[in-house]
1. Please work out if I6 is open to solvent by less than 20 Å² (accessible area, probe 1.4 Å) and among the aliphatic types (A, V, I, L, M).
2. Could you check segment 21-45 and list, in sequence order, the residues that are over 21 Å from P122 (Cα atoms), assigned to a strand (DSSP E or B) and open to solvent by less than 20 Å² (accessible area, probe 1.4 Å)?
3. Can you name the residue in segment 9-20 that is part of a loop (DSSP other than H, G, I, E, B) and not small (G, A, S) and, of all such residues, is least open to solvent (accessible area, probe 1.4 Å)?
4. Could you check how many residues of segment 56-95 are in a helix (DSSP H, G or I), without any contact (Cβ under 8 Å) to a residue 40 or more places away in the chain and not acidic (D, E)?
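The values are calculated or read from the model by the stated rules, or taken from the named source; none is laboratory data. Everything numeric in this text was worked out from a predicted model, so none of it was measured. Positions of Cβ are backbone-derived with ideal geometry, glycine not excepted, and every protein chain shown enters the neighbour counts. Accessible surface is based on the protein model in full, side chains and every heavy atom, while ligands, DNA and RNA are left aside. Shrake-Rupley method; radii C 1.70, N 1.55, O 1.52, S 1.80 Å.
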Amino acid sequence: MQKTNIAVRYFSKSGNTRKLADEIANTVGCKAEQIPAPIDGKVDILFLGASVYWGGICSEVKEYIRTLDKNKIGKVVVFSTSAMAERAFPQIQKKLQSHGIQVDSRNFYCRGEFTALHMGRPNRKDLDDARQFATKIIAELH
């Protein structure tokens, strides 16, 4: 059986998305790296994490997507956090697809703590759910 190459990249201002990235990376056996860390070599799956800030994904994520080489990435799986709106997935999906990059139709989302909203999120249950999500994605490759 051929080894599956997996990468985890994320952007996180507050640390919420980083918590998910670390949990997913630990689950799939790689290191979570902040964007703009490049993708070295070909990856079967890129787990890409971002947050929604003021109704949209930030320019850093948009620029990172622009730099991705569609020939190096089998598929992107999106994960995200936000305090209010769950808009990261459709925005990221649209950007990736416009660059010819395949995006899994499933994504992982949970609330993130922001000032007094959603205190303690992502919490242990959120991290467990992220781990189960990543495990299911990887299991389908084998």
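1. no
2. Listed by number, the residues that qualify are V43, I45.
3. F11
4. Summing the residues that are in a helix (DSSP H, G or I), without any contact (Cβ under 8 Å) to a residue 40 or more places away in the chain and not acidic (D, E) in segment 56-95 gives 12.
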